[in-house]
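Chemist: One structure, pasted below without further comment.
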Amino acid sequence: MLGMNDLSVGSIFKYSDAPFTVLKADHVQMGRGSAVVRTKIKNLLTGQVLEITFKAGDKLEEASMERQRATFLYSDDDGYHFMNTQSYEQFFLSAEQIGEDKWFLNENTDYDITYFDSKPVMVQLPKVVELTVTETEPGVRGDTAQGNVSKPAMLNTGLRINVPLFVKQGDVIRVNTERQEYIERV
């Protein structure tokens with residue numbers, strides 16, 4: 001059982017007979033009252049996001065989850081298609097289940113997939129991924145005089161981020177998946 005203090009970003013638990021993960025958790029101490037945790041949680045089966053406040057005595061059942069490696073194959077109108085690296089079984093996750101993680105999925109790359117009741121429900125992204133810059137303007141000498149040391153860039157997955165002036169089209173860069181920002185050029 002999980003208590004209120006065990007809830008943090010990434011925690012997975014069972015709520016209303018469905019698996020949920022915590023997207024945001026704020027521990028708040030009320031004036032004279034007891035502490036509460038205001039959370040934003042996501043249903044791993046449907047992608048629905050809820051805002052729930054948990055009180056001090058609330059207990060949540062831990063969801064029995066399993067992780068397996070799978071290769072991301074491609075995406076289409078049905079969803080995001082993967083292949084289990086051990087059984088070679090193909091499956092897909094819906095756009096709602098993937099959510100904002102879509103910006104970090106590279107074709108033919110292995111990811112950890114979380115299963116609930118033998119059904120795939122979520123992709124576990126690494127902290128850092130390598131993506132290719134597909135579109136950016138060339139850096140112009142003198143741009144740093146105004147303190148503008150970055151420029152916008154489009155990556156191969158469709159994500160737009162700011163990159164330093166020296167990054168060119170075709171460069172492979174490392175991107176932080178939690179903050180969606182440039183780390184370094186590979």
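Chemist: Could you tell me whether any residue of the stretch 123-137 is within 30 Å of ALA35 (Cα to Cα) and of a type in the set (Asp, Glu)? Give the derivation first.
Modeler: Step one: of the stretch 123-137, the residues within 30 Å of ALA35 (Cα to Cα) are none.
Scanning the stretch 123-137 turns up no residue that is within 30 Å of ALA35 (Cα to Cα) and of a type in the set (Asp, Glu).
Chemist: Also, quick follow-up: For the stretch 107-124, enumerate the residues that are at pLDDT 90 or above and either more than 22 Å from ALA18 (Cβ to Cβ) or assigned to a loop (DSSP other than H, G, I, E, B) (or both).
Modeler: Those that are at pLDDT 90 or above and either more than 22 Å from ALA18 (Cβ to Cβ) or assigned to a loop (DSSP other than H, G, I, E, B) (or both): GLU107, ASN108, THR109, ASP110, TYR111.
Chemist: Still on this structure: Counting just the residues of the stretch 16-55 that are over 24 Å from the mean Cα position of the chain (by Cα) and surrounded by 13 or more Cβ atoms within 10 Å (Cβ to Cβ), which one comes out farthest from GLN86 (Cα to Cα)? Break it down stepwise before answering.
Modeler: Going residue by residue through the stretch 16-55, those that are over 24 Å from the mean Cα position of the chain (by Cα) are 28-36, 55.
Now drop any that are not surrounded by 13 or more Cβ atoms within 10 Å (Cβ to Cβ), which leaves 35-36.
Numbers: ALA35: 45, VAL36: 43 Å.
Ranking the candidates gives ALA35 first.
Chemist: A follow-up question, please. Between a first residue in the stretch 33-47 that is closer than 24 Å to LEU93 by Cα and a second residue that is modelled with pLDDT under 90 and acidic (Asp, Glu), which pairs have beta carbons less than 8 Å apart while being 6 or more apart in sequence or on different chains?
Modeler: Matching pairs, first to second residue: THR46/GLU96; GLY47/GLU96.
Chemist: OK, next. Output the residues belonging to the stretch 3-14 that are within 23 Å of LEU125 (Cβ to Cβ) and either more than 18 Å from the chain's Cα centre (by Cα) or polar (S, T, N, Q) (or both).
Modeler: ASP6, SER8, SER11, LYS14
Chemist: Another question, if that's okay. Could you pull out every one of the strands (runs of 3 or more DSSP E) wholly within the stretch 1-106 that has 3 or more residues that are hydrophobic (A, V, I, L, M, F, W, C) and at pLDDT 85 or above? Give the derivation first.
Modeler: Values: elements: 12-15, 18-29, 35-43, 49-55, 65-75, 80-84, 90-93.
Strands (runs of 3 or more DSSP E) meeting the threshold: 18-29, 35-43, 49-55, 65-75, 90-93.
Here is a yes/no grid of residues against (1) under 26 Å from LEU44 (Cα atoms); (2) within 19 Å of the chain's Cα centre (by Cα):
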position: GLU96; (1), (2): yes, yes
position: ASP110; (1), (2): yes, yes
position: THR114; (1), (2): yes, yes
position: THR136; (1), (2): no, no
position: ARG174; (1), (2): no, yes
position: GLU178; (1), (2): yes, yes
position: VAL186; (1), (2): no, no
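Chemist: If you scan the stretch 133-165, which residues turn out to be over 22 Å from ARG179 (Cα atoms) and either at pLDDT 95 or above or not in a loop (DSSP other than H, G, I, E, B) (or both)?
Modeler: Result: ASP143, THR144, ALA145, GLN146.
The values are calculated or read from the model by the stated rules, or taken from the named source; none is laboratory data. Keep in mind the model is a prediction, meaning the values are calculated, not measured. Cβ atoms come from the backbone with ideal geometry, glycine included; neighbour counts cover every protein chain shown.
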